[in-house]
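The values are calculated or read from the model by the stated rules, or taken from the named source; none is laboratory data. Keep in mind that what you see is a predicted model, and the values were worked out from it rather than measured. Cβ placement follows ideal geometry from the backbone for every residue including glycine, while neighbour counts extend to all protein chains displayed.
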Amino acid sequence: MLGDFAVDALLAEARLTPKPALVDQRGRGAHHDLDLATMVRSAQILRGTFEALARASLGATTSQALREQLAMLGRDGERAMLAATGGSNTHRGAIWIVGLLVAGAALVTDQLEAALGSDGPAETTLLAGHICTTAAEIARHPDRFAPRVESNGSRVVRQYQVGGARQEARDGFPHVIDIGLPALHAARARGINETHAQLDTLLSIMATLSDTCLLHRGGPAALQVAQHGAHRVLALGGSSLPEGYAALLALDADLIEIHASPGGAADLLAATLFVDKLLDWTFYQEA
């Protein structure tokens, strides 16, 4: 189940259209080595990785040993991803972000079962927080076997003094709990259709995230373009309104022109959709 939900979240993020400078059903966005078919193939090949992460976490406790076991499985998943995509980095960040949330959900299976008899959304909101907190406890443990080669993400974190994906996880996924899920649920409550609700959720994440993908590709100037553009779309009422939609397309063009895309925000949108899917499943089972 958790593996299926994780893959579903990655596929939903990939297919969501139109996303600013990201691969979607229109094309490659700001990427030259990626397309939608590659993103779909990558997501599907990772099903086994997410299932393995869930199995390793069932009945376990948060510990350095678990952290290192999950990291090993994640690196296996990266190798499978690279083999399936011809060397393109489609989902390295998502393996870390969504993979930790899969592990966190597996670790709190007793709470998931208890939520089936809950009286309403308050219980499942607490459950979402507990999943993220548990995943954060895993992330805070060191991994003695982590490769010592500097990645693009770690270089950007050091160069620009930002938190990056690792800090997002250690802090309990604030862009999922405090921004992504509230934005998604608020949009739905206003009657906005699912595509625009998810687009506005992505923009809400972009507006506040120090996205290391943007910083890697275009430095602080690219991050400023993305954040200001996202704020503008939301200030105009969001992507479901004509003015907001036009601003979204303008942001897309601006980011493509400077060859920068908000890949970190896309990973956190997938994480938001994963947790949301888990909460929807809880309500469905209860009914």
Report task. Return the only residue of 58, 34 being among the hydrophobic types (A, V, I, L, M, F, W, C), over 25 Å from residue 136 (Cα atoms) and at pLDDT below 95. Result -> 34
Query raised in the report: Is it fair to say residue 151 is buried (at least 20 other Cβ atoms within 10 Å of the Cβ), closer than 30 Å to residue 78 by Cα and among the hydroxyl-bearing types (Ser, Thr, Tyr)?
Result: no
Query - Residue check for residue 267: under 17 Å from the mean Cα position of the chain (by Cα), closer than 12 Å to residue 19 by Cβ and among the charged types (D, E, K, R) - result: no
Query raised in the report: Scanning for something within 17 Å of the chain's Cα centre (by Cα), acidic (Asp, Glu) and over 17 Å from residue 260 (Cα atoms), does the range 157-173 turn up at least one residue?
Result: yes
Report summary line: Note: among 221, 265, just one is part of a helix (DSSP H, G or I), closer than 24 Å to residue 173 by Cβ and not aromatic (Phe, Trp, Tyr), namely 265
Report summary line: Checked the range 86-112 for anything of a type in the set (Val, Ile, Thr) and crowded, with 20+ Cβ neighbours inside 10 Å; matches are 90, 95, 97, 98, 102
Query raised in the report: in contact (Cβ under 8 Å) with a residue 24 or more places away in the chain and within 29 Å of residue 4 (Cα to Cα), is that true of residue 256?
Result: no
Query raised in the report: In the range 245-267, which residues are of a type in the set (Ser, Thr, Tyr) and either under 14 Å from residue 227 (Cα atoms) or in contact with an Asp or Glu (Cβ under 7 Å, 6 or more places away or on another chain) (or both)?
Result: 261
Requested in this report: Would you check if residue 166 is modelled with pLDDT of 80 or more, of a type outside the set (A, V, I, L, M, F, W, C) and not in a helix (DSSP H, G or I)?
Outcome: no
